[in-house]
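Data first, discussion second: the structure below is written as structure tokens.
Quick note: the coordinates plus some simple rules give every number you see, no bench work behind them. Model, not experiment: these values are computed from the prediction. Heads up, the Cβs are rebuilt from the backbone with ideal geometry, glycines too, and the neighbour counts pull from every protein chain shown.
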Amino acid sequence: MPIADTRATPYYAVIFTSIRTGADDGYGAMAEAMEASASRQPGFLGVESAREDIGITVSYWESLEAIAAWKRDAAHLMAQRLGRERWYAAYKTRICRVERDYDFSLD
């Protein structure tokens, strides 16, 4: 997964940090479907994700309104419910305004 190519600041980041249960029944497919669905939402800028003992997914959005619309999306609501019922032992969501970003690449 490449580093998200976000637009000029300011924009918003939703940081989703999670600890999984042992259940895996459909988690991978749902995660892929949610990333694909989010990418089609107005205001979506990109996503980055990593998982070891703790999973961290950061999605980037143009506005707080875009984030709120994604939170209300019917498929996302179903995924949230299944996450609480099956896949997550704990999670925390943080929403931040990105004021500045910079990058480096060997390319």
(Q) Could you tell me how many of the residues in the range 49-77 are outside any helix (DSSP H, G or I), buried (at least 16 other Cβ atoms within 10 Å of the Cβ) and under 11 Å from the mean Cα position of the chain (by Cα)? (A) 6
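Look at the range 14-29 and say how many of its residues are among the charged types (D, E, K, R) and surrounded by 13 or more Cβ atoms within 10 Å (Cβ to Cβ).
Here is the first cut: in the range 14-29, the ones among the charged types (D, E, K, R) are 20, 24-25.
Adding the requirement that they be surrounded by 13 or more Cβ atoms within 10 Å (Cβ to Cβ) leaves 20.
Number of matching residues: 1.
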(Q) I'd like the residue in the range 78-94 that is hydrophobic (A, V, I, L, M, F, W, C) and surrounded by 14 or more Cβ atoms within 10 Å (Cβ to Cβ) and, out of all such residues, is nearest to R20 (Cα to Cα). (A) W87
Q: Tally the residues that are in contact with a helix residue (DSSP H, G or I) (Cβ under 8 Å, 6 or more places away or on another chain), farther than 16 Å from A89 by Cα and outside any loop (DSSP other than H, G, I, E, B), restricting the search to the range 12-45.
A: 8
